[in-house]
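**Student:** Got a structure for you, questions after.
The values are calculated or read from the model by the stated rules, or taken from the named source; none is laboratory data. Bear in mind the structure is a predicted one, so any value in this text is a computation, not a measurement. A quick note on method: Cβ atoms are made from the backbone with ideal geometry, for glycine too, and the neighbour counts reach across all protein chains shown. To get the accessible areas, we keep the full protein, side chains included, count just its heavy atoms, and leave off ligands, DNA and RNA. Shrake-Rupley method; radii C 1.70, N 1.55, O 1.52, S 1.80 Å.
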Amino acid sequence: AAGVIQSPRHLIKEKRETATLKCYPIPRHDTVYWYQQGPGQDPQFLISFYEKMQSDKGSIPDRFSAQQFSDYHSELNMSSLELGDSALYFCASSLGGEKLFFGSGTQLSVL
Amino acid sequence: AQKVTQAQTEISVVEKEDVTLDCVYETRDTTYYLFWYKQPPSGELVFLIRRNSFDEQNEISGRYSWNFQKSTSSFNFTITASQVVDSAVYFCALVDTGTASKLTFGTGTRLQVTL
């Protein structure tokens, strides 16, 4: 069965650079979520989209933005990267807000 | 506000032992869902179970079982006859109808199963 696809799997950036993470949800799922998991931490909710419209917002810095496109894929854009942005970024999708299925994550390292 | 507490930071057991991971939650909502996810060393989050607040039946799936007790706000997870492949971080999570489906995770319990 198709799962949530995230790319890239690993990303290394320098401080103050910009990063773009991509997420392809499970087909026919209507909601996409982004989570950030710092080292040794639990995942923290960043933002979600329902049918391409932003539906909820969590602890997402102003330097971050996200959108969901007409083909339902989503991108998380992070600018002016800081060392503290180094984390595992998960995308998840669901249908009707039921079970959330997570992608394998993008490991972002900011040097 | 909702909160999930996993008091056990790390558990170490020998293969074939049974192990129970504790989860206690807080929410003001009467309708909510509880989840368990497994995060193996490879990093992905693997869905294990979802339980809604109206269904207090315990569930067994192979070596896994879950004990949901609304009276004590607990949703504990037991692995019977643990195996080395069970080694992972296990997260309990909660979503209520007031939070638009976003999950609140506990801090996770790292389970180490050794030979």
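**Student:** Among residues other than B:Leu45 whose Cβ falls under 13 Å from its Cβ, what is the net charge (Lys/Arg +1, Asp/Glu -1)?
**Tutor:** On the way: positive: A:Lys99, B:Lys38; negative: A:Asp42, B:Glu44.
Around B:Leu45, the charge tally is 0.
**Student:** Give me the distance in nm between label points sitting 7 Å out from Cα along the Cα-to-Cβ direction at B:Thr114 and A:Asp62, one decimal.
**Tutor:** Here the modelled spin labels are 5.0 nm apart.
**Student:** Go through A:Asp30, B:Asp29 and list them by solvent-accessible area, largest first, probe radius 1.4 Å. Could the numbers behind the result be given before it?
**Tutor:** Numbers: A:Asp30 20, B:Asp29 40 Å².
So, going from the largest accessible area down, we get B:Asp29, A:Asp30.
**Student:** Read phi for every residue in the range B:64-75 and hand back ³J(HN,Hα) as whole Hz from Karplus 6.51 cos²θ - 1.76 cosθ + 1.60, θ = phi - 60°, with x for Gly and Pro.
**Tutor:** My calculation for the range B:64-75 gives 9, 8, 10, 10, 9, 10, 5, 4, 10, 6, 10, 9 Hz in order.
**Student:** Now for a different question. Nearest 20 debye, what's the magnitude of the dipole of the protein assembly as shown about its Cα centre given +1 on Lys and Arg Cβ and -1 on Asp and Glu Cβ?
**Tutor:** Numbers: 20 positive and 25 negative charges, 60 e Å.
It works out to roughly 300 debye.
**Student:** Quick one: putting +1 on the C-beta of Lys and Arg, -1 on the C-beta of Asp and Glu, what dipole do you get for chain A around its Cα centre, in Debye to the nearest 20? Walk me through the intermediate numbers first.
**Tutor:** On the way: 10 positive and 12 negative charges, 37 e Å.
Roughly 180 debye, rounded to the nearest 20.
**Student:** Past 29 Å, Cα to Cα: identify those pairs from A:Lys15/B:Lys38; A:Lys57/B:Lys3; A:Lys57/A:Lys99, in the order given. Each step should come with its number before you reach the end.
**Tutor:** Numbers: A:Lys15/B:Lys38 32 Å; A:Lys57/B:Lys3 17 Å; A:Lys57/A:Lys99 19 Å.
Table pairs above 29 Å Cα-Cα are A:Lys15/B:Lys38.
**Student:** Quick one: putting +1 on the C-beta of Lys and Arg, -1 on the C-beta of Asp and Glu, what dipole do you get for chain B around its Cα centre, in Debye to the nearest 20? Walk me through the numbers before you get to the answer.
**Tutor:** Working: 10 positive and 13 negative charges, 45 e Å.
Computed about the Cα centre, the dipole is about 220 debye.
**Student:** On the Cα set of chain A, report Rg and Dmax in Å, please.
**Tutor:** 13.0, 39
**Student:** Just checking the output field for A:91-98: average partner chain Cβ neighbours within 10 Å of each residue's Cβ?
**Tutor:** So the per-residue partner count for this stretch is 3.
**Student:** Taking the mean number of other Cβ atoms within 10 Å as a proxy for protection, how do you rank A:96-103, B:16-23 from highest to lowest?
**Tutor:** Details: A:96-103: 19.0, B:16-23: 17.0.
Going by the mean number of other Cβ atoms within 10 Å, highest first, we get A:96-103, B:16-23.
**Student:** After finding the eigenvalues of the alpha carbon gyration tensor for the range A:42-81, what semi-axes result from the square roots of 5 times each, listed largest first in whole Å?
**Tutor:** 18, 13, 8
**Student:** Follow-up. How charged is the neighbourhood of A:Ala66? Take every other residue with its Cβ under 10 Å from the Cβ of A:Ala66, and add Lys/Arg as +1 and Asp/Glu as -1.
**Tutor:** Details: positive: A:Lys57; negative: A:Glu75.
Cβ neighbours under 10 Å give a net charge of 0.
**Student:** With unit charges on the beta carbon (Lys/Arg positive, Asp/Glu negative), name the residue among B:Ala1, B:Ser12, B:Leu48 whose Cα is farthest towards the positive pole of the charge dipole of the range B:1-63.
**Tutor:** B:Ala1
**Student:** Going highest first, how would you order B:7-15, A:38-46 by mean Cβ packing within 10 Å? All intermediate terms of the calculation are to be shown ahead of the outcome.
**Tutor:** Values: B:7-15: 13.1, A:38-46: 17.2.
Ranked from most to least packed, the peptides come out as A:38-46, B:7-15.
**Student:** Hey, if you put +1 on the Cβ of every Lys and Arg and -1 on every Asp and Glu Cβ in the protein assembly as shown, which of B:Leu34, A:Phe64, B:Phe105 ends up farthest toward the positive end of that dipole?
**Tutor:** Of the listed residues, the answer is A:Phe64.
**Student:** Now a separate question. May I ask for the Kirkwood hydrodynamic radius of chain B, worked out over all distinct Cα pairs and given in angstroms to one decimal? Write out the running numbers ahead of the final one.
**Tutor:** On the way: mean 1/r = 0.0701 Å⁻¹.
One over the average 1/r among Cα pairs gives 14.3 Å for chain B.
**Student:** Run the numbers on the range B:49-115 and let me know its relative contact order in percent, using alpha-carbon pairs under 8 Å that are six or more apart.
**Tutor:** Averaging sequence separation for qualifying contacts and normalising by length gives 23 percent for the range B:49-115.
**Student:** What does the charge count around B:Lys70 come to, taking other residues whose C-beta lies under 11 Å from its C-beta (Lys +1, Arg +1, Asp -1, Glu -1)?
**Tutor:** Working: positive: B:Arg51; negative: B:Asp55, B:Glu56.
Result for the neighbourhood of B:Lys70: -1.
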